[in-house]
Amino acid sequence: MMNLMHWRLLVAVADQGSITAAAECVGMTQSAASQAMASMEATLGAQLFTREPRKTLPTALGLSVIEQARVMLGALQTIRSTVDEARPMLRGSLRIASFPKVLATFLTPLLQRFRQLYPGIEVTTLDVTDNEVLTLLDADLIDLGVVLNPRPERNATVLGRDLWLAVLPANHTLAQRSVDATVSLEELLAQPFVLATGGCTANARSLGAAAGLSLSDIRVEVREWNSAFSLVREGVGVTLVPEMALPVQRNGLRVMPLKVPLHREFALVGSPTRPPSAAGSALLKMLAD
């Protein structure tokens with residue numbers, strides 16, 4: 001039966017031109033090498049070399065076998081190199097912080113796939129606000145974090161984007177417009193308003209400020225989107241939410257696009273002071289692929 005040492009010996013004999021020199025290269029005695037070569041030829045049922053007084057030369061069949069042996073040994077070396085390169089990812093940890101909706105909608109299925117690819121990496125997710133994500137990143141307490149509308153210098157990996165949409169009581173004056181009608185940000189913010197933040201700094205107040213507008217009549221401020229929808233249904237006011245946060249059941253609500261569309265982008269970014277860890281790089285590569 002042939003093993004890896006036999007194939008290495010075969011290539012070494014071809015390279016060295018003698019069994020004695022080949023035996024020294026692969027760490028065998030001359031007699032053991034001679035026996036191994038004879039065993040190979042017997043197993044294959046063919047002569048691979050001709051022995052002359054000072055040379056051992058391959059036969060025509062031997063040349064073909066040696067060529068395939070080189071391919072096999074080269075593939076083995078490639079396998080070993082691949083495993084060596086991947087070794088940092090065979091064991092490790094990855095800490096990711098995100099605000100809730102992106103974590104549930106986008107990250108969870110991605111991380112399930114990542115765990116399948118890298119079962120040895122322990123992934124920990126933190127459910128925080130977008131401000132807390134930046135604080136954790138700056139303090140180097142997490143590997144990656146999801147941020148909204150990342151700055152160019154953050155070298156972000158975009159996960160997705162969605163639109164900001166107006167949500168009004170179904171009987172509101174603005175809601176009586178045609179099915180394909182829009183509402184301007186200015187007229188929306190002028191209404192009695194339910195300010196929903198979703199735990200993020202990007203919300204109706206910040207969007208209005210960026211457009212030179214202000215919320216003149218905030219009736220109530222809530223963190224949870226669902227709380228805002230309940231209040232809108234009750235006629236407390238109107239609100240502005242990201243598309244991702246819209247409820248499945250919209251009875252009593254009218255959802256309208258803005259006249260000038262506004263979107264938010266959410267992306268994974270790493271520490272500003274150090275490159276991604278091996279585990280972090282593996283996740284970013286998976287996303288890029």
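For LEU174, are the conditions met, namely being under 28 Å from VAL102 (Cα atoms), touching a residue at least 40 places away in the same chain (Cβ under 8 Å) and not assigned by TED's automatic domain parsing to the domain that holds ASN149?
no
Could you say whether any residue in the stretch 271-281 is within 23 Å of LEU189 (Cβ to Cβ), surrounded by fewer than 19 Cβ atoms within 10 Å (Cβ to Cβ) and out of contact with any Gly (no Cβ under 8 Å at 6 or more places or on another chain)?
No, the stretch 271-281 contains no residue that is within 23 Å of LEU189 (Cβ to Cβ), surrounded by fewer than 19 Cβ atoms within 10 Å (Cβ to Cβ) and out of contact with any Gly (no Cβ under 8 Å at 6 or more places or on another chain).
Report the residue count in the stretch 92-107 for those that are at pLDDT below 85 and either among the polar types (S, T, N, Q) or loosely packed, with under 13 Cβ neighbours inside 10 Å (or both).
Counting residues in the stretch 92-107 that are at pLDDT below 85 and either among the polar types (S, T, N, Q) or loosely packed, with under 13 Cβ neighbours inside 10 Å (or both) gives 1.
For the stretch 115-128, give me the residue count where each residue is within 10 Å of ILE96 (Cβ to Cβ) and not aliphatic (A, V, I, L, M).
Summing the residues that are within 10 Å of ILE96 (Cβ to Cβ) and not aliphatic (A, V, I, L, M) in the stretch 115-128 gives 2.
Hey, could you check the stretch 98-157 for residues that are of a type outside the set (S, T, N, Q), assigned to a loop (DSSP other than H, G, I, E, B) and touching an Asp or Glu at 6+ places or on another chain (Cβ under 9 Å) and say which is farthest from VAL241 (Cα to Cα)?
The selected residue is ALA156.
Would you be able to say whether some residue in the stretch 275-284 is over 30 Å from GLU85 (Cβ atoms) and either hydrophobic (A, V, I, L, M, F, W, C) or outside the structural domain of ARG113 (by TED's automatic domain parsing) (or both)?
Within the stretch 275-284 (the criterion being over 30 Å from GLU85 (Cβ atoms) and either hydrophobic (A, V, I, L, M, F, W, C) or outside the structural domain of ARG113 (by TED's automatic domain parsing) (or both)), the answer is no, since none of the residues qualifies.
Among the helices (runs of 4 or more DSSP H) confined wholly to the stretch 204-289, which include 2 or more residues that are more than 15 Å from LEU165 (Cβ to Cβ) and touching a Cys at 6+ places or on another chain (Cβ under 7 Å)?
Fully inside the stretch 204-289 and qualifying: nothing.
Residue-wise test of (1) over 15 Å from the mean Cα position of the chain (by Cα); (2) not aliphatic (A, V, I, L, M).
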position: TYR118; (1), (2): no, yes
position: GLU132; (1), (2): yes, yes
position: ASP143; (1), (2): no, yes
position: PRO152; (1), (2): yes, yes
position: ARG161; (1), (2): yes, yes
position: PRO169; (1), (2): yes, yes
position: ASP180; (1), (2): yes, yes
position: ALA190; (1), (2): yes, no
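Name every residue in the stretch 27-39 that is surrounded by fewer than 19 Cβ atoms within 10 Å (Cβ to Cβ) and either at negative phi or touching a strand residue (DSSP E or B) at 6+ places or on another chain (Cβ under 8 Å) (or both), in order of residue number.
Scanning the stretch 27-39 gives THR29, GLN30, SER31, ALA32, SER34, GLN35, ALA38, SER39.
SER64 - would you say it is hydroxyl-bearing (Ser, Thr, Tyr) and within 34 Å of the chain's Cα centre (by Cα)?
When the stated conditions are applied, SER64 does not pass them.
Could you list, in sequence order, the residues of the stretch 202-229 that are of a type in the set (Phe, Trp, Tyr) and out of contact with any helix residue (DSSP H, G or I) (no Cβ under 6 Å at 6 or more places or on another chain)? Give the derivation first.
Restricting attention to the stretch 202-229, the residues satisfying the condition of being of a type in the set (Phe, Trp, Tyr) are 225, 229.
Scanning the stretch 202-229 gives a single hit, PHE229.
Could you give every pair whose Cβ atoms fall below 8 Å, whose first residue belongs to the stretch 212-239 and is within 8 Å of ALA196 (Cβ to Cβ), and whose second residue is at pLDDT 95 or above and among the polar types (S, T, N, Q), counting only separations of at least 6 or pairs across chains?
Here the result reads ALA228/THR239, each pair linking the stretch 212-239 to a residue that is at pLDDT 95 or above and among the polar types (S, T, N, Q).
Filter the stretch 202-218 down to the residues that are of a type outside the set (Gly, Ala, Ser) and surrounded by 15 or more Cβ atoms within 10 Å (Cβ to Cβ), then identify the one that is farthest from VAL241 (Cα to Cα).
My answer is LEU213.
The values are calculated or read from the model by the stated rules, or taken from the named source; none is laboratory data. Computed from a predicted model, the values in this text were never measured in an experiment. No Cβ is skipped: glycine too gets one built from the backbone with ideal geometry, and neighbour counts run over all protein chains shown.
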